[in-house]
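Working notes, structure below.
The values are calculated or read from the model by the stated rules, or taken from the named source; none is laboratory data. Predicted model only: the values in this text are computed from it and were never measured. Using ideal geometry, Cβ is built from the backbone for each residue, glycine included, and neighbour counts are taken over all protein chains shown. Keep in mind that these areas ignore ligands, DNA and RNA; they rest on the heavy atoms of the full protein, side chains included. Shrake-Rupley method; radii C 1.70, N 1.55, O 1.52, S 1.80 Å.
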Amino acid sequence: MSDAEQALLEEQHAPWEYVSQLEAGGGDPTLSMADLLASQQDRVLKTLQTQGVSKLGEFSAPSDLVFPAFGKDTILTLGSSRRAVDYEALWGARLRELARGHKPSGWSSSVVVEAFVVNVKGAANADHDGLLQPLLKRWNVGALEMEAFGLPAVQAVVEFKWHKFARRLLLLELACFLVWLLSFFSFTILFQDEDEKAGLLDLLATGWGRATVLAEVLALVAMTPFLVLEYGTISVYRSGWLNVWNVQDALTYVLQITITLLHLTRNVHSGYLSIACALQCILLLFRLQYFSRVFTATRFAFLEAVKEAISAISIYLFFMVLVILGFAVAFHILFRKDQKSEEFSTIVSAFLTMWANQSGLLDLDLMRSSHNPVTAVLLAVAYSFVMGMVIVNMLIGLMSNALEKTSRHEGTKMLLNKAQIVDELEATLPRWLEDRLMGSPDFIHILRIDPDRLDKPDLACMWAASAGGNAPAGKDGSSGVGPDLAARLAAMQAQLDRLEALLEAATAKPPHPAFSATS
């Protein structure tokens, strides 16, 4: 397992290990969403962390049911009107339903699974009545850390809604977007050889023209669901909607409508239509990454990574632009008697020339033919050294470090992306359709595999033993661990036991107070 995979595994399972080890309270631990946001408003996240989820128990299930049912998911969720349920019977039926049709392979074994429940009643409600939208509104204004979406209670709500309806609707969105994308690109290809002087009726008189108009109309129709989604998001978040990616989305709508109007009104002779089509081609391909953020196989979001990387190196980029501008002005002044050289005739053209030659050497023949050949050559060599050997290579190193940082907390980022998609859909769908797709469960039940109790080899331990010169256990029953090492391990274990006893005595306290019961 790679370091990245190990980090992702720890990130996903550590919160559940914490919840699994919490002691249960003495009363009814349920709390409604209204009471959570009102009476616990100063410690909502602390409440969700310590008492948002309770462990009901654990049981063993056949591996032929567990692994096909879980697939690549770390938890399974189920909605219920009751908190106290026969979790073994409830999840046993659910596992059989999910594993139906899967053939057993290898051998069957028992797998320990843990059953949890979200104590916040109504956490899965839609819009502002549920848990997700208040958290997302706080996150949008910078009042909430991303780690909050890794809390077990929030994870459970996100995964429940994702598998209940959001994943299917997102795939439907993706299908509409692909129709939009393919239709628009078909239009741009068909439009290239179009007669600019032909009127709309003349255009529709030909098969080629009808295909062109059909493609652009189909692109406009496929765009409509996204306009509706955007309107729903704006109506909920108001000014909080405004960010770089939403502005990019809005620009694709404006460009698509503008392109259709310019083409159908036959204003095709100007260059504006070509400019709009060129921009739309780029923005639509960028927008495609929106769908890559929440699927495990394509989790890397290109634009998100670029945004975070540029944000991390923005000061360095500003310094780099200043250096290029300084050399551009210097060459423009140096070539003031060589106006025939278009490369440095104006400051703008000089800047573009310097920008295009960041990692290469400027044309030395041009330098030697100037009125100041020695100075021009020395300045060109200095620019090549400063930009090509120092600044550009430093930029590559800084960009690599920035991209490495963006790959951290992948599991939490994916949960945040799922929560955003869920909330966007809920803000658009009418309440009756939400109730039909999701229902209104009061409680979310969770099932989780404990990875620490799975039957799996520990290759790292084997390699460590080999590196230490200790042979594996032989036929004579020897442990393979040297006597000195075994003695040291025993002494360390005894010391850890004493420290644990002292820690338990020092931190002994009554169980967590239970929430006040609300219905």
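Quick look at the values:
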{"quantity": "Surface share of carbon and sulfur [accessible, 1.4 angstrom probe, percent] for segment 10-144", "calculated": "49 percent"}
{"quantity": "Calculated Rg and Dmax of segment 103-245 using C-alpha coordinates, Å", "calculated": "23.8, 75"}
{"quantity": "Heavy-atom accessible area order for 405, 197, 121, largest first, 1.4 Å probe", "calculated": "197, 405, 121"}
{"quantity": "Residue 371/residue 325 FRET efficiency (R0 30 Å; Cβ-Cβ; nearest 0.05)", "calculated": "0.85"}
{"quantity": "Euclidean distance between Cα centres, segment 226-257 to segment 324-387, Å", "calculated": "44 Å"}
{"quantity": "Lys, Arg +1 and Asp, Glu -1 on Cβ, resulting dipole of segment 176-295 about Cα centre, debye, nearest 20", "calculated": "380 debye"}
{"quantity": "For segment 59-182: Kirkwood Rh in Å [reciprocal of mean 1/r, alpha carbons]", "calculated": "17.0 Å"}
{"quantity": "Dimensions in Å of segment 216-262 - Rg and Dmax from alpha carbons", "calculated": "11.5, 33"}
{"quantity": "Dimensionless Rg ratio for segment 14-120, taking C-alpha atoms and the 2.2 N^0.38 Å reference", "calculated": "1.25"}
